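Input: a single structure, listed below in structure tokens.
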Amino acid sequence: MNSVDEQRRLFLLTAARLAALTASASGAGITSAAATRSPGASYPFSLGVASGSPLPDAVVIWTRILDNPLADPQNPAPMPALALSVRWEMAADAAFRNIVAQGVAPATPALAHSVHVDVRGLAPGRWYWYRFMLGDAVSPVGRTRTAPAADSLPERLTLAVASCQHWEFGSFAAQRQIAAAAPDLVAFLGDYIYEWGPYQLKHPTSPIRTAESFSLGDYRARYAQYKSDPDLQAAHLAAPWIVTWDDHEVANDYAGERDERLDPRFAERRAAAYQAFYEHMPLRLNLPAGAGFGALRIYQRYDWGRLARFHVLDDRQYRAGHACTPDGRGGSSSVYRRDCKALGDPGRSMLGGEQQQWLADGLRSSRARWNILAQQTLMAQNSQVPLRREGDARIWTDGWDGYPQARRQLFEALAASRAANPLVLSGDVHCFYAATLARDATRPLSAANPALATEFCGTSLTSPSRPQQRTDQYVAMNPHLAYGRSDRRGFMLLDITPQASTVLFQGLADVHDPLSSVATLARFQVRDGQPGPTTF
Ligand code: FE
Ligand code: CA
């Protein structure tokens with residue numbers, strides 16, 4: 001069969017299917033591909049669309065051409081080994097009467113037929129609608145927006161914050177609720193995929209994919225499985241995303257170029273995983289000169305006028321190996337600070353020298369009212385035993401607790417920069433936390449030990465956690481932790497204004513129910529110039 005025939009065979013749609021697709025594309029705007037697709041039908045936009053990385057004049061729009069995401073990964077549906085030309089449109093209205101930009105973008109086999117278009121020349125601070133076309137097929141319509149003008153002070157920013165969506169541990173109801181909240185922006189803080197899954201099914205009709213991902217093909221199949229979820233697609237359709245990763249986009253508890261198993265071929269695996277991440281995220285490609293995907297740079301700044309500056313961090317790629325690992329392996333453990341000399345080593349970096357300097361520069365130059373560190377792991381000290389002195393603490397070595405000297409350097413940079421209102425957002429630990437950050441977490445706040453920042457950690461969207469009783473003990477033993485809740489899955493909703501940032505901890509009633517309701521478990525406020533979470 002020649003390639004033209006092959007393309008036609010893959011993407012030929014019946015008249016009825018085309019009518020349905022066209023209706024959905026020109027309808028209310030927010031529809032998901034999965035919701036409009038009949039099972040088994042061929043549809044090139046089966047993974048939905050996404051947008052993100054907003055600038056005042058630009059936003060990245062994304063799709064990936066794949067007609068059957070739930071195909072058996074051992075026998076994937078054939079995709080033509082040739083580049084496709086995908087048309088795209090960006091409009092100022094949901095009905096596409098006023099198209100402001102359009103073009104044709106390549107979808108190449110080298111990048112899994114993913115499409116990234118950095119749409120430039122847009123107006124600041126406004127909503128847009130976008131879609132893709134291939135042959136007769138039309139994608140769902142995504143809604144996105146540009147960042148406000150650099151010198152403007154917007155009245156508010158509504159932000160949804162999410163992390164840790166392990167496919168096998170529940171529905172993506174939280175993503176449906178994020179879409180329903182219609183935020184201006186979504187920040188995803190890592191564990192978008194998990195590289196492994198237990199023998200457990202979320203959807204009775206979907207095939208089991210339990211094997212751990214190692215190769216580029218494995219990771220691509222895992223993303224395709226995730227992206228087939230209608231609720232995840234809906235959250236991408238609702239707003240632009242800014243994204244970072246944590247460990248499970250690659251492998252559990254990896255640190256720099258070292259994984260738990262000390263696999264000598266880990267760098268190769270990491271490069272494959274990083275490439276698959278880029279292929280599935282609305283990111284601008286940022287590779288150091290001459291480097292491959294193994295050095296993909298994802299730390300980045302995004303300004304929301306003068307209201308907020310997002311310092312999006314990567315604390316996985318450049319970090320030093322875990323401290324005091326049990327013999328013969330890498331990865332995390334729990335240790336007493338006094339028993340682990342390496343924790344005192346000022347050379348053990350979390351961000352790497354270049355990113356650390358970049359962050360210090362970004363804090364110093366910031367004119368934003370709120371400086372938001374959007375990053376993956378818990379920054380507040382979380383001692384697992386009572387403590388009077390730092391040395392008493394028993395800590396888990398994977399988060400910032402495992403890199404206390406790097407944390408100290410970050411706090412010094414925060415204080416020296418005089419950047420306004422630092423807010424740290426984090427994920428990874430599958431627990432809601434509200435915390436006040438200061439240099440010494442074992443002593444009360446004082447003029448000598450001032451509050452430097454406020455941290456809000458989202459729980460997981462689906463991933464399991466520890467019993468609430470244990471978390472209650474942690475909160476009691478760590479006075480700078482104002483709140484902890486590990487028995488519920490969910491996400492955070494922030495309302496950021498020049499005067500205050502309000503944070504809602506949104507908990508699902510039942511993570512296993514795709515139609516689960518959500519309720520506010522706790523709400524906190526940080527007022528301009530007054531670090532620390534207050535209840536109201
Ligand atoms: Fe996680
Ligand atoms: Ca993690």
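Near the amide H of Ala500, within less than 5 Å, lie the amide hydrogens of Asp528, all on another chain or at least 5 residues away, with H placed in the peptide plane. The apolar share of the surface of the chain, taken as the fraction of accessible area on carbon and sulfur atoms (1.4 Å probe, ligands and nucleic acids excluded), comes to 52 percent.
For the chain, the solvent-accessible area works out to 37 Å² per residue, with a probe of 1.4 Å and every protein chain left in place.
Diffusion coefficient of the chain by Stokes-Einstein, Kirkwood radius over Cα pairs, 4 °C, 1.567 mPa s: 55 µm²/s.
Remark: segment 435-447, residue by residue, has Karplus-estimated 3J(HN,Hα) of 9, 9, 9, 9, 4, 10, 7, 8, 10, x, 5, 7, 4 Hz, where x stands for each Gly or Pro and the curve is 6.51 cos²θ - 1.76 cosθ + 1.60 at θ = phi - 60°.
Shape annotation for segment 225-340: C-alpha extents along the principal axes are 47, 36, 33 Å, from largest to smallest.
Each peptide in 491-501, 319-329 receives the mean, over its residues, of other Cβ atoms within 10 Å, and ordering these scores from highest gives 491-501, 319-329. Entry note: segment 296-377 has Rg to Rh equal to 1.08, where both radii use alpha-carbon atoms and Rh is the Kirkwood radius.
Packing, as the average of other Cβ atoms within 10 Å across residues, places the peptides 466-472, 350-356, 144-150, 451-457 in the order 451-457, 144-150, 350-356, 466-472, highest first.
Taken over the C-alpha atoms, segment 430-536 has Rg and Dmax values of 14.7, 50 angstrom. No disulfide-compatible partner, judged by a Cβ distance under 4.7 Å, exists for the following cysteines of the chain: Cys164, Cys431, Cys457. Distances between every pair of Cα atoms in segment 486-536, grouped in 10 Å steps from 0 to the bin holding the largest one, split as 25, 42, 23, 9, 0 percent. Computed from backbone phi with θ = phi - 60° and the Karplus coefficients 6.51, -1.76 and 1.60, the 3J(HN,Hα) list for segment 53-62 is 6, x, 10, x, 10, 7, 8, 8, 10, 9 Hz; x is used for glycine and proline.
Remark: the chain carries a charge dipole of roughly 840 debye about the Cα centre, counting +1 on each Lys and Arg Cβ and -1 on each Asp and Glu Cβ. Counting 0.36 nm for each residue step from Leu287 to Asp361 and taking away their Cα separation leaves a gain of 24.6 nm. Pairwise Cα separations in segment 361-494 fall into 5 Å bins from 0 onward with the following percentages, short to long: 2, 11, 19, 25, 20, 13, 7, 3, 0.
The values are calculated or read from the model by the stated rules, or taken from the named source; none is laboratory data. What you see is a predicted model, and the numbers here were worked out from it, not measured in a lab. All Cβ positions, glycine included, derive from the backbone under ideal geometry; neighbour counts span all protein chains shown. Surface accessibility is based on the protein's heavy atoms, side chains included, excluding ligands, DNA and RNA. Shrake-Rupley method; radii C 1.70, N 1.55, O 1.52, S 1.80 Å.
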